[in-house]
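Colleague: Sharing a structure, written as structure tokens. Questions coming.
The values are calculated or read from the model by the stated rules, or taken from the named source; none is laboratory data. Fair warning: this is a prediction, and the values are worked out from it, not measured in the lab. Every residue, glycine among them, receives a Cβ derived from its backbone with ideal geometry; neighbour counts consider all protein chains shown.
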Amino acid sequence: MAVRISMKVNGKPASAEVEERTLLVTFLREALRLTGTHVGCDTAQCGACTVHLNGRAVKSCSMLAMQAEGGDILTIEGVAKADGTLHPMQAAFKEHHGLQCGFCTPGMVMNAIDFAKSNPHPSEQQIREALEGNLCRCTGYHNIVKAIAAGAKAMATAS
Amino acid sequence: MGAPLIGARIQRKEDYRFLTGAGQYTDDVTLPGQTYGAFVRSPHAHAKIKSIDIAKAKAAKGVLAVYTGDDIAAAKLGGLPCGWLITDVNGQPMKEPPHPILAQGKVRYVGDQVALVVAETQAQARDAAELVDVDYEALPAVVDAVKARAKGAPALHDIAPDNTCYVWAIGDKAAVDAAFSKAAHVTKLELVNNRLIPNAIEPRAANGSFSRADDSYTLYVANQNPHVERLLMTAFVMGLPEHKVRVVAGDVGGGFGSKIYLYAEDVAVTWAAKQINRPVKWTADRSESYVSDAHGRDHQTVAELALDKDGKFLAMRVKTTANLGAYLSTFASCVPTILYATLLAGQYTTPLIHCEVTAVFTNTAPVDAYRGAGRPEATYVVERLVETAARELKLDPAEMRRRNFIRNFPYQTPVALLYDIGNYDATLDAAVKMADVAGYAARKAESARRGKLRGLGYAAYIEACGIAPSAVAGSLGARAGLFEAGEIRVHPTGSVTVFTGSHSHGQGHETTFAQVVADRLGMAIENVDIVHGDTSKILFGMGTYGSRSIAVGGTAIMKALDKIIAKGKKIAAHLMEAAETDIEYDRGVYTVKGTDKKKMFGEVAFAAYVPHNYPHDKLEPGLNENAFYDPSNFTFPAGTYVCEVEIDPDTGKTKIERFTAVDDFGKIINPMIVDGQVHGGLAQGIGQALTEGCQYDANGQLVTGSFMDYCIPRADDLPSFQVDTRETPCTHNPLGVKGCGEAGAIGSPAALMNAITDALGVKDLPMPATPQTVWRALQNRTAA
């Protein structure tokens, strides 16, 4: 059965007819063509699909699009400023070489931004534990950890 | 002319698109009229297909077509080819069983592809795939390579009744045996190099389309070498001319070897696209990747090292059984032979080496190159032997290595390779210092006071990269050349587009290669763009694997640059009314020797495209050159890794306290990127040693088929790494580069297992050294 869903995505209203079983990530990627949110697994382990729902990081592969009805979604496409300037967390990933193939990166950045909001001065161990739900196969996490520490600091300074 | 770009930590040009979600990976490409494919895969490790009923699937909502092996046979599509012919000890060619696009009457591993369903949506295709009714007659299966050779083991292929693909050997066996009989000491280990599943975070994907307008195909695919993909698919499987097929591998989310190969799915969706005259996209889910991506490693080895009383190596004897899985993947045959046994000299002067390799078919996923490909297996053998021998002879393991280092170059090993250059003392000494080995005893005592076990382990690895001199590879059985191609297109106002046959799937070529070009042309890096991954744009390419990109692809670019600069010299001579022999060039500036006359590279480029004042009688207009480069030797990156662990005897949990890596990659273009490559390699090697291990049950069911069962390292499984480099430039390429992509994965398993066995006081322990494995070893030690 098709259902009509409506929500705010990256500040703009979005709605579509989707099958009830449609996952949020499928809605974002297929209906809205926001392909920056990735699918890297089918067991909610890798975190490549992480987006923000009402300001909190969620795995968009693990919820139905219907469950986000009326919600406020932020994807990686909506993180930089309108003029293209990178968010401090994105800039920190670039500065510290926190990405290689780029596939896990959107999920990493979305999780890191949410984490840094409540942990403005995280320790290395806190960052490593916060990455439990985000898998990277390229970087060995070394530079991701550095990037998140720097990004958190930059976010705290900016706010 | 700005500061030198070679050697600079320049931020990556590709990052902006990845950080803003603007990357274009294969699954992100949706074409007009897009349809979706889903594969029906075998649930059995070994079975006959008695019948396939597709009626229900065909009638399901949205379904456009269902194809089985019969359709593939009727279309006369060939099987997947193997790119490397190994000749066995009796001079016979290896056994090459057919590897069909869709199963022909039999399935040979769980995940073997049986049918393709095409539908309007992915969900419809997957639903309908469930409705394909395959009647299987299950057969006994065998998953262990040694057991597969036993009498009475089930045979996978008619042409290999003993499941043996080949028995191959290298070295002088009689001389090795004689040396062993006279040795003062022999160290022997029985080692298992555990099977790994690559797990690039982007699952494999392919999107095939066909145009009736010009009778041509386009395949978007997550692949590391699009030209080779096209060559294999057209010439060997589909019988098509290459100019009618375009292969695009745009952004690729990690490869690690698993995306080198031509897979059946790539062919099936391309062929199906023509049948239904619409594009067909297939994207693996993770579960599918686990069963169907080519796996890595899976060796069982008996290794022996003969030494004299002073710890000098006299000879090495190695016997390996390698599991190839159910079929020969694209480069499967060369991994446990050419890329393995030739590295057994390591960094040492061992004068005599013999290695025999038996390669075996089993009811498991095909096994092929995975980060390091043969070289991690070789390093594991050599460095576990060396460290064990040092313990047995009560010698300091660093000192033992120093006594045996090669110091005179070039050095001909007894296993075919000719090392051009190296400085193994430099990396070992630096690693010992950086790891503070001097303070280890105090740290060990401190751990002991807390009831913890501390261990230290070394690995001094070598690898052969920059594959390869085509003539050498050809003489060893390669069915392809292994050169690389590059093209420099200088635009009229002096900016540059570079086309490379190398492929970046995380390595940062768009930055590193641009640094090389911008440095040589004396321009800002923003004025240079690198294009890769599209057969319609790039003249040719052999792709990226074996840490070959900078050494072979980078050199091809340098050769094309030479031609650009040489042509520019002629133009500059004309413009400055000087003899060509008097023109000098340095980073973007042409000068006339002994004068203050000069022309900038941009002026010369402009003159080439607006040739009003131009030597038309001697020179064509335009400034665009290409080059093919075939290396004269391999490159030999080497280094020393030191790992220090602390083990909690109550839980068996291993904590890596320090991991130090000092590598010699020759000249380094971008140290930031090189460090990142080492970090990633270390994580994969540590994963092999600590957390990762592919397991099939006795019936051939994959037990470790998800991220919940197969543990790739999480952030809190790993330490921050201490990395550094020493530079001994490669002698036979103009950049002096060696390659850095695989080193971390090659050296780290041995260093880690040497540390763990040291902490536990045991001779050997199987990888992965999970808490359970370590805890059991401790209990056994206590009991013994």
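Colleague: Among the residues of the range B:221-256, write down those that are over 26 Å from B:A73 (Cα atoms), surrounded by fewer than 24 Cβ atoms within 10 Å (Cβ to Cβ) and out of contact with any strand residue (DSSP E or B) (no Cβ under 6 Å at 6 or more places or on another chain).
Modeller: Within the range B:221-256, B:G250 is the sole residue that qualifies.
Colleague: When you scan the range B:453-472, do you find a residue that is in the same structural domain as B:C740 (by TED's automatic domain parsing), among the basic types (K, R) and assigned to a helix (DSSP H, G or I), even just one?
Modeller: No.
Colleague: Any idea which residue in the range A:114-126 is nearest to the other protein chains (Cβ to nearest Cβ), counting only those that are surrounded by fewer than 24 Cβ atoms within 10 Å (Cβ to Cβ) and touching a residue at least 24 places away in the same chain (Cβ under 8 Å)? Working first, answer last.
Modeller: Filtering the range A:114-126 down to residues surrounded by fewer than 24 Cβ atoms within 10 Å (Cβ to Cβ) leaves A:114-115, A:117-126.
With the extra rule that they be touching a residue at least 24 places away in the same chain (Cβ under 8 Å), the set shrinks to A:114-115, A:117, A:119-122, A:124.
Details: A:D114: 16, A:F115: 12, A:K117: 18, A:N119: 14, A:P120: 19, A:H121: 18, A:P122: 12, A:E124: 7 Å.
Filtering first and then ranking leaves A:E124.
Colleague: Read through the list (1) on the phi > 0 side of the Ramachandran plot; (2) within 11 Å of another protein chain (Cβ to nearest Cβ); (3) loosely packed, with under 14 Cβ neighbours inside 10 Å; (4) not aromatic (F, W, Y), then give the number of the only condition that A:A44 fails.
Modeller: Of the numbered conditions (1) on the phi > 0 side of the Ramachandran plot; (2) within 11 Å of another protein chain (Cβ to nearest Cβ); (3) loosely packed, with under 14 Cβ neighbours inside 10 Å; (4) not aromatic (F, W, Y), the odd one out for A:A44 is (3).
Colleague: Given the range A:1-97, what strands (runs of 3 or more DSSP E) lie entirely inside it while holding 1 or more residues that are within 15 Å of the chain's Cα centre (by Cα) and among the polar types (S, T, N, Q)? Working first, answer last.
Modeller: Values: elements: A:2-9, A:12-19, A:50-53, A:56-59, A:72-74.
Ranges flagged: A:50-53.
Colleague: Here is a further query. Identify, from the list B:M542, B:M576, the residue that is in contact (Cβ under 8 Å) with a residue 12 or more places away in the chain, touching a strand residue (DSSP E or B) at 6+ places or on another chain (Cβ under 7 Å) and either over 30 Å from B:G254 (Cβ atoms) or among the basic types (K, R) (or both).
Modeller: Numbers: B:M542 fails: either over 30 Å from B:G254 (Cβ atoms) or among the basic types (K, R) (or both).
Unique residue meeting the criteria: B:M576.
Colleague: Of the residues in the range B:675-731, how many are more than 8 Å from chain A (Cβ to nearest Cβ), within 25 Å of B:I550 (Cβ to Cβ) and assigned to a loop (DSSP other than H, G, I, E, B)?
Modeller: Of the residues in that region, 6 qualify.
Colleague: Out of all the residues in the range B:657-673, which are at the interface with chain A (Cβ under 10 Å from one of its Cβ atoms) and among the β-branched types (V, I, T)?
Modeller: B:I673
Colleague: Right, B:T757: in contact with a strand residue (DSSP E or B) (Cβ under 6 Å, 6 or more places away or on another chain) and away from every other protein chain (no Cβ under 13 Å) or not?
Modeller: no
Colleague: Let me ask something else. Residues that are surrounded by fewer than 22 Cβ atoms within 10 Å (Cβ to Cβ), without any contact (Cβ under 8 Å) to a residue 24 or more places away in the chain and within 8 Å of chain B (Cβ to nearest Cβ): does the range A:69-81 have at least one?
Modeller: So far as the range A:69-81 goes, yes, one or more of its residues are surrounded by fewer than 22 Cβ atoms within 10 Å (Cβ to Cβ), without any contact (Cβ under 8 Å) to a residue 24 or more places away in the chain and within 8 Å of chain B (Cβ to nearest Cβ).
Colleague: Given the structure, is A:G107 in a helix (DSSP H, G or I), more than 7 Å from chain B (Cβ to nearest Cβ) and crowded, with 24+ Cβ neighbours inside 10 Å?
Modeller: Yes: the conditions hold for A:G107.
Colleague: Another question, if that's okay. Looking for whichever is on the phi > 0 side of the Ramachandran plot, hydroxyl-bearing (S, T, Y) and under 22 Å from the mean Cα position of the chain (by Cα) here; the options are B:S475, B:S502, B:S547. Which one fits? Steps first, answer last, please.
Modeller: Working: B:S475 fails: on the phi > 0 side of the Ramachandran plot; B:S502 fails: on the phi > 0 side of the Ramachandran plot.
Among B:S475, B:S502, B:S547, only B:S547 is on the phi > 0 side of the Ramachandran plot, hydroxyl-bearing (S, T, Y) and under 22 Å from the mean Cα position of the chain (by Cα).
Colleague: Is it the case, given these coordinates, that A:A154 is more than 7 Å from chain B (Cβ to nearest Cβ), crowded, with 22+ Cβ neighbours inside 10 Å and touching a residue at least 60 places away in the same chain (Cβ under 8 Å)?
Modeller: For A:A154, the condition - more than 7 Å from chain B (Cβ to nearest Cβ), crowded, with 22+ Cβ neighbours inside 10 Å and touching a residue at least 60 places away in the same chain (Cβ under 8 Å) - is not met.
Colleague: Do you know which of the residues in the range A:21-30 that are of a type outside the set (S, T, N, Q) and within 11 Å of another protein chain (Cβ to nearest Cβ) is surrounded by the most Cβ atoms within 10 Å (Cβ to Cβ)?
Modeller: My answer is A:L28.
Colleague: Among B:A183, B:A169, B:A174, which is the only one that is closer than 26 Å to B:P81 by Cα, surrounded by fewer than 19 Cβ atoms within 10 Å (Cβ to Cβ) and not acidic (D, E)? Please lay out each step first, then the result.
Modeller: Details: B:A183 fails: closer than 26 Å to B:P81 by Cα; B:A174 fails: closer than 26 Å to B:P81 by Cα.
Selected residue: B:A169, the only one of B:A183, B:A169, B:A174 that is closer than 26 Å to B:P81 by Cα, surrounded by fewer than 19 Cβ atoms within 10 Å (Cβ to Cβ) and not acidic (D, E).
Colleague: If only one of A:A130, A:A149 is touching a Pro at 6+ places or on another chain (Cβ under 8 Å), of a type in the set (A, V, I, L, M, F, W, C), over 24 Å from A:I73 (Cβ atoms) and surrounded by 16 or more Cβ atoms within 10 Å (Cβ to Cβ), which one is it?
Modeller: After applying the criteria, what remains is A:A149.
Colleague: Hey, another quick one. Show the residue pairs meeting these rules: Cβ distance below 6 Å; 6+ apart or different chains; first residue within the range B:283-301 and within 12 Å of chain A (Cβ to nearest Cβ); second residue part of a strand (DSSP E or B) and of a type in the set (G, A, S).
Modeller: B:T283/B:A205
Colleague: Testing B:G7 on (1) within 14 Å of chain A (Cβ to nearest Cβ); (2) surrounded by fewer than 16 Cβ atoms within 10 Å (Cβ to Cβ), one condition comes back false. Which one is that?
Modeller: Going through the list (1) within 14 Å of chain A (Cβ to nearest Cβ); (2) surrounded by fewer than 16 Cβ atoms within 10 Å (Cβ to Cβ), B:G7 breaks only (1).
Colleague: Keeping to the range B:505-559, report how many residues are closer than 29 Å to B:D586 by Cβ and either in a helix (DSSP H, G or I) or hydroxyl-bearing (S, T, Y) (or both).
Modeller: 27
Colleague: Which of the residues spanning the range B:13-65 are over 26 Å from the mean Cα position of the chain (by Cα) and among the polar types (S, T, N, Q)?
Modeller: Once the filter is applied, which keeps residues that are over 26 Å from the mean Cα position of the chain (by Cα) and among the polar types (S, T, N, Q), the range B:13-65 yields B:T20, B:T30, B:Q34, B:T35, B:S42, B:S51.
Colleague: Does any residue of the range B:114-132 turn out to be aliphatic (A, V, I, L, M), in the same structural domain as B:S211 (by TED's automatic domain parsing) and more than 30 Å from A:R29 (Cα to Cα)?
Modeller: Checked the range B:114-132: no residue is aliphatic (A, V, I, L, M), in the same structural domain as B:S211 (by TED's automatic domain parsing) and more than 30 Å from A:R29 (Cα to Cα).
Colleague: While we're on this one: Would you pick out the residues in the range B:444-467 that are of a type in the set (K, R) and either without any contact (Cβ under 8 Å) to a residue 24 or more places away in the chain or surrounded by fewer than 20 Cβ atoms within 10 Å (Cβ to Cβ) (or both)?
Modeller: Start the filter on the range B:444-467 by keeping residues that are of a type in the set (K, R), which leaves B:444, B:449-450, B:452, B:454.
The answer is B:K444, B:R449, B:R450, B:K452.
Colleague: Which of the following residues is more than 14 Å from chain A (Cβ to nearest Cβ) and surrounded by fewer than 22 Cβ atoms within 10 Å (Cβ to Cβ): B:L305, B:L314, B:L339, B:L262?
Modeller: From the options B:L305, B:L314, B:L339, B:L262, the qualifying one is B:L314.
Colleague: Next question, about the same structure. Looking at (1) within 17 Å of A:C46 (Cα to Cα); (2) charged (D, E, K, R); (3) touching a Lys or Arg at 6+ places or on another chain (Cβ under 9 Å), can you tell me which one A:K94 breaks?
Modeller: (1)
Colleague: Report whether or not A:R4 is exposed (fewer than 15 other Cβ atoms within 10 Å of the Cβ) and either in contact (Cβ under 8 Å) with a residue 12 or more places away in the chain or within 18 Å of A:F103 (Cβ to Cβ) (or both). Step through it out loud before you land on a result.
Modeller: Working: exposed (fewer than 15 other Cβ atoms within 10 Å of the Cβ): yes; either in contact (Cβ under 8 Å) with a residue 12 or more places away in the chain or within 18 Å of A:F103 (Cβ to Cβ) (or both): yes.
Against the criterion (exposed (fewer than 15 other Cβ atoms within 10 Å of the Cβ) and either in contact (Cβ under 8 Å) with a residue 12 or more places away in the chain or within 18 Å of A:F103 (Cβ to Cβ) (or both)), A:R4 qualifies.
Colleague: Looking only at the range A:82-104, which residues are within 7 Å of chain B (Cβ to nearest Cβ) and either of a type in the set (D, E) or over 29 Å from B:N199 (Cβ atoms) (or both)?
Modeller: Once the filter is applied, which keeps residues that are within 7 Å of chain B (Cβ to nearest Cβ) and either of a type in the set (D, E) or over 29 Å from B:N199 (Cβ atoms) (or both), the range A:82-104 yields only A:E95.
Colleague: Residues that are surrounded by 24 or more Cβ atoms within 10 Å (Cβ to Cβ) and within 29 Å of B:A373 (Cβ to Cβ): does the range B:565-575 have at least one?
Modeller: Looking through the range B:565-575, none of the residues is surrounded by 24 or more Cβ atoms within 10 Å (Cβ to Cβ) and within 29 Å of B:A373 (Cβ to Cβ).
Colleague: Next question, about the same structure. From the list B:A485, B:A480, exactly one residue is in a strand (DSSP E or B) and under 21 Å from the mean Cα position of the chain (by Cα). Which is it?
Modeller: B:A485
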